[in-house]
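Read through the structure below, which is laid out as structure tokens, and then see the notes.
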Amino acid sequence: MVKGNLRSRLFLSHMAVMTVGVLTLLVIGRLYTPRQMVITLQRYENGVMSLHRRTQLLKGFEDAWSKGMVWSILVGGGAAGGLSYWVSRRIIRPLDQMAEITRQFAAGELTARVPPSEILEIQRLANSFNRMASDLEGVEQRRRELVGDLTHELRTPLTILHGYLEGLADGTIPPQPELYERLAAETTRLQRLVNDLQELSKLEAGYLPIQAQAVNLEPLLTSLIQTFQGQRTDLGQVALLLDVPADLPAVYADPSRIEQILINLLGNALRYTDQGQVEVRAWAEAKRVYVAVADTGTGIAEADLPYVFERFWRADRSRNRRSGGTGLGLTICRRLVTVQGGEITVTSQLNQGTTFTFWLPQA
């Protein structure tokens, strides 16, 4: 295989085409034109012209034809060669720009983009390249945000652990059961953060298995409500309600992942509801089965709603820390719903409550 850059290959290919055309013209012209000239002379002379005169005319014609062909090759070949070089440069320039932008990407500069081209195929390639560049820029931005958020989340429990352990070591803090409970709670929070991060990374990489099957939601929801009522001793004045029709169709999803979604949503609802109720509703509509978790808690400001499913987002950071949340639960919920073919949304009003609604396809 002949190796070389694309510009050289394009130029050589154009020159090869031109060479084949010129050679064809030369061969056909050399073989056909003199014979046609002889036939034409015979037709017009009617036996008057001598053989010597005919030979002189034929030779003169061949000389004139040869000179004309030489000039045609020089002028036409030069024009064709220049045009081929210009076209090759026009085609190669966007590719050179892509190569330069790729080098900029490798150096960490992710804002450069390929300019538009009048060549349709090159423009399509440029559009794909620019989309890839935008995706890479977004990935890098999310990576930086994740590192920053993770550092922020780890700093608080580690500072608490370090401070208390130093106090215990130098004797400035007396060892008490309450202190050890606080230390255990912080280590539990760290463990939960690590577990959530691991699960989220698996979800985003597509490594978390989903065992989809036909699932009847009514017994699953009933069991979850009973579990929360039996385990939560801090419900107080909060009523936990369930509204599921008897003829609710089954969904095609992973039952363990549905349970994980609902545990996250119910836990958040109860965490931010001091009085009133938390209700779980389910209904079917247009080949979908909807599940809503609605509370009468503190609610979320309208300006904060677009960020609810972002990593480590909190409307009230101090309160969520005391309750042990990691800020990843809703992000995991959204990913779990998405990988099962559904969608999750949120509506809320301050001091009136919040409703998370997700749907899954019918079985």
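The values are calculated or read from the model by the stated rules, or taken from the named source; none is laboratory data. The model shown is predicted, which means the values in this text are computed figures rather than measured ones. As a convention, Cβ positions derive from the backbone with ideal geometry for all residues, glycine included, and neighbour counts pool all protein chains shown.
Against the definition (more than 30 Å from Leu328 (Cβ to Cβ) and of a type in the set (Ser, Thr, Tyr)), how does Tyr164 come out, yes or no?
no
Quick check on region 134-177: of everything there that is within 25 Å of the chain's Cα centre (by Cα) and among the aliphatic types (A, V, I, L, M), which residue is farthest from Glu109 (Cα to Cα)?
Leu150
For Glu140, all conditions in the list (1) in contact with a Lys or Arg (Cβ under 7 Å, 6 or more places away or on another chain); (2) assigned to a helix (DSSP H, G or I); (3) at pLDDT 75 or above hold save one; what is the number of the exception?
(1)
Return the total of residues in region 271-302 being of a type in the set (A, V, I, L, M, F, W, C), surrounded by 16 or more Cβ atoms within 10 Å (Cβ to Cβ) and over 28 Å from Asp247 (Cα atoms).
Result for region 271-302: 1.
From the residues in region 177-224 that are free of Cβ contacts under 8 Å to residues at least 60 places away in the same chain and charged (D, E, K, R), which one is surrounded by the fewest Cβ atoms within 10 Å (Cβ to Cβ)?
Only one residue tops the list, namely Glu178.
Please list, ordered by first then second residue, the pairs with beta carbon atoms under 7 Å, 6 or more apart or interchain, first in region 261-280 and assigned by TED's automatic domain parsing to the domain that holds Leu224, second among the basic types (Lys, Arg) and surrounded by fewer than 19 Cβ atoms within 10 Å (Cβ to Cβ).
These pairs meet every condition: Leu270/Arg232.
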